[in-house]
Amino acid sequence: MESLSFCNVTVSFGEMKALNNISFKVMPGEIFGLVGRNGSGKTTILKTITGMIKPDDGHIMINDQAVDVGMKEYKSIIGYCPQNDSFFEKLTVEENLGYFARLYNVEGDLENIIKGVTNSLGIGDRIYEIAEKLSGGMKRRLNIACSLLHDPGFLLLDEPSIQLDPISRNELWNTIKMINKTGTTIIISSNMMEEINSLCNRVIFMDQGNKIYEGDPRGAMNYLSGHRKNYYGDLR
């Protein structure tokens, strides 16, 4: 298992500084949370880790060694599940996963690989169903399945519980915990304190591109209430 370090990263979009010299380290096997309101920099961090965004300064390290995020070897250990559904609504679950398996250059028996992923995520009985007919919770599971086909060491989840009802949300949280127990290190962005408290070992809080807290999620609100009153009053 490997650690991932985000080292002194700055990202600017024109005059706006989306990330301001941000550093943190994700330890092997943990669920690490990125917390903050919309626009605080959470998604920018995830996209920088994937290589979708190139930083102005700073770098990514795996096991304390700087890496080129554009290299095939690096991309093979990263799975990214965005906020919006990444699959095709008009294709079946099986067809979508077959497409993403080929996109990730997954080798081996694709039928068994797809069956294994779908069964582990609780959508094995929906494999021939058209994606648009799935419930919201099942769509989120399919979205995660698409990012797990190549068996990445790190799974990045961008607000996975967004727009889910409470029952589907709790089921998804149990699925995320199950994935983590298999040895996958997870980085999750959220603005839901209940989600962060339920899932995460450690968190950072973001404020307009700045890191303002790092540590135990259960101590975060106490810290913030003493330093930035009412700033996170809109966090659910």
Practice item. Can you give me the number of residues within the stretch 62-79 that are touching a Phe, Trp or Tyr at 6+ places or on another chain (Cβ under 6 Å) and of a type in the set (Gly, Ala, Ser)? Key: 0
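To keep it simple, each residue is scored yes or no on (1) in contact with a strand residue (DSSP E or B) (Cβ under 8 Å, 6 or more places away or on another chain); (2) assigned by TED's automatic domain parsing to the domain that holds Met193.
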residue	(1), (2)
Ser40	yes, yes
Thr48	yes, yes
Leu91	yes, no
Asn119	no, no
Gly124	no, no
Tyr128	yes, no
**Study point:** Subset of the stretch 16-63 that is farther than 20 Å from Gly79 by Cβ and among the hydroxyl-bearing types (Ser, Thr, Tyr) - its residue that is modelled with the lowest pLDDT
**Key:** Ser40
Point to revise | Ile196 more than 21 Å from Gly98 (Cβ to Cβ), surrounded by 15 or more Cβ atoms within 10 Å (Cβ to Cβ) and within 17 Å of the chain's Cα centre (by Cα) | key: yes
Review point. For the stretch 131-151, does any single residue satisfy the condition of being of a type in the set (Val, Ile, Thr) and out of contact with any Cys (no Cβ under 9 Å at 6 or more places or on another chain)?
Key: no
Check your understanding: Among the listed residues Asn170, Asn222, Asn180, Asn174, which satisfies the condition of being surrounded by fewer than 21 Cβ atoms within 10 Å (Cβ to Cβ), without any contact (Cβ under 8 Å) to a residue 24 or more places away in the chain, within 24 Å of Gly36 (Cα to Cα) and within 16 Å of the chain's Cα centre (by Cα)?
Key -> Asn174
Review point. Just for the stretch 74-91: of the residues that are touching a helix residue (DSSP H, G or I) at 6+ places or on another chain (Cβ under 9 Å) and hydroxyl-bearing (Ser, Thr, Tyr), which one is nearest to Ile60 (Cα to Cα)?
Key: Tyr80
Check your understanding: Mind checking whether some residue in the stretch 124-139 is polar (S, T, N, Q), outside any helix (DSSP H, G or I) and under 22 Å from Glu2 (Cα atoms)?
Key -> no
Revision key, fill the gap. Here, helices (runs of 4 or more DSSP H) confined to the stretch 15-108 with at least 3 residues that are in contact (Cβ under 8 Å) with a residue 12 or more places away in the chain are 42-50, 93-103
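The values are calculated or read from the model by the stated rules, or taken from the named source; none is laboratory data. Since this is a predicted model, take the numbers as computed values, not measurements. All Cβ positions, even for glycine, are placed from backbone atoms using ideal geometry, and neighbour counts span all protein chains on display.
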